[in-house]
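Report on the following structure.
The values are calculated or read from the model by the stated rules, or taken from the named source; none is laboratory data. The structure displayed is predicted, hence computed values, not measured ones. A quick note on method: Cβ atoms are made from the backbone with ideal geometry, for glycine too, and the neighbour counts reach across all protein chains shown. Remember, those area values only see protein heavy atoms, side chains included, never the ligands or the DNA or RNA. Shrake-Rupley method; radii C 1.70, N 1.55, O 1.52, S 1.80 Å.
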Amino acid sequence: MHTDVTGLLHAWSRGDPAALEQLAPLVHRELREMARRILAGDRRGAEWHPTELVQESYVRLLDCR
C-alpha cells in the first residue's frame, strides 16, 4: 500500500486503479485546506466555500484528461 502522493501518482500512471482510490481523498483534503487558507485571506472569496472551490478544481482537473 502506498502512503505518499508521489508514489500513488506513479502507481496510477502505471495503471493501478487502487492508487486513485487512495490518492483522491489525500488530494481532496489538501485542496480543501488550500482553499480554506486562500479564501480566508480574500474578501472576494467570501462568495465561495472551500468545498465549492475544491469541486471546481476537480472538474477542471478531470476535464484536462
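Some values worked out for this structure:
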quantity	calculated
Which listed residue, of Leu39, Leu8, is modelled with pLDDT under 85 and open to solvent by less than 60 Å² (accessible area, probe 1.4 Å)	Leu39
Per-region count, region 12-36, residues farther than 18 Å from Arg60 by Cβ, open to solvent by 40 Å² or more (accessible area, probe 1.4 Å) and among the aliphatic types (A, V, I, L, M)	2
Of all residues in region 42-64 being surrounded by fewer than 12 Cβ atoms within 10 Å (Cβ to Cβ) and of a type in the set (Asp, Glu), the one that is modelled with the highest pLDDT	Glu47
Pair list, Cβ under 8 Å, 6 or more apart: region 15-44 residue free of Cβ contacts under 8 Å to residues at least 24 places away in the same chain, other residue in a loop (DSSP other than H, G, I, E, B)	Ala19/His2; Gln22/Met1; Gln22/His2; Ala35/Trp48; Leu39/Trp48; Leu39/His49
